[in-house]
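Only the coordinates and a few stated rules stand behind these numbers; no lab work does. As the structure is a computational prediction, the values presented were derived from the model and not from experiment. With ideal geometry, Cβ positions are generated from the backbone for all residues, glycine too; neighbour counts draw on all protein chains shown.
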Amino acid sequence: MAAAADGGAADPSPELLEQAATAFGLLASPSRVHLVWVLSQGECDVTHLAERVGGTLPAVSQHLAKLKLAGLVRSRREGRRQVYLVDDPAVVAVVHEMVGQLAAGEARSRTPGRLRGFGA
């Protein structure tokens, strides 16, 4: 993105805004955020992911398929297992930043659910 005439950052293109909205939309599910969080710590197969996030195999598989289709995670075959990993480190950074900010705000205020520092 180029600088705007007033010295600030130029507005992103409509295409870039659409891509960002799609990525944020996929991360609007607590289950998907949890999956990205777990996968940011290392590769994992669907059985262990389901155990870790407390979901059923079919539900976790569906979430992973959507994340994979969007290019946020990828998979590889390891013997008979399908192993998943995060494919976009920037997404990991956003998830870690958001969770970290919310945890810090909750610790300060002890009012769960408030999005302090995020304009809400």
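Residues Glu78, Glu43, ranked from the fewest to the most other C-beta atoms within 10 Å, line up as Glu78, Glu43. Measuring nothing but how far apart in sequence close Cα pairs (under 8 Å, 6+ apart) lie, relative to its length, the chain scores a relative contact order of 19 percent. Once backbone amide H atoms are built at 1.01 Å from N, Cys44 has Tyr84 as its partners under 5 Å, excluding neighbours fewer than 5 places away on the same chain.
Fully extending the segment from Asp45 to Glu18 would add 6.7 nm, taking 0.36 nm per residue of separation and subtracting the current Cα-Cα distance. When Leu27, Leu64 are arranged by Cβ crowding within 10 Å, least crowded first, meaning fewest neighbours, the order is Leu27, Leu64.
Give me log10 I(q)/I(0) at q = 0.09, 0.13, 0.18, 0.20 Å⁻¹ for the chain, Debye formula, one equal scatterer per alpha-carbon, no solvent. So the normalised log intensities are -0.33, -0.63, -1.00, -1.12.
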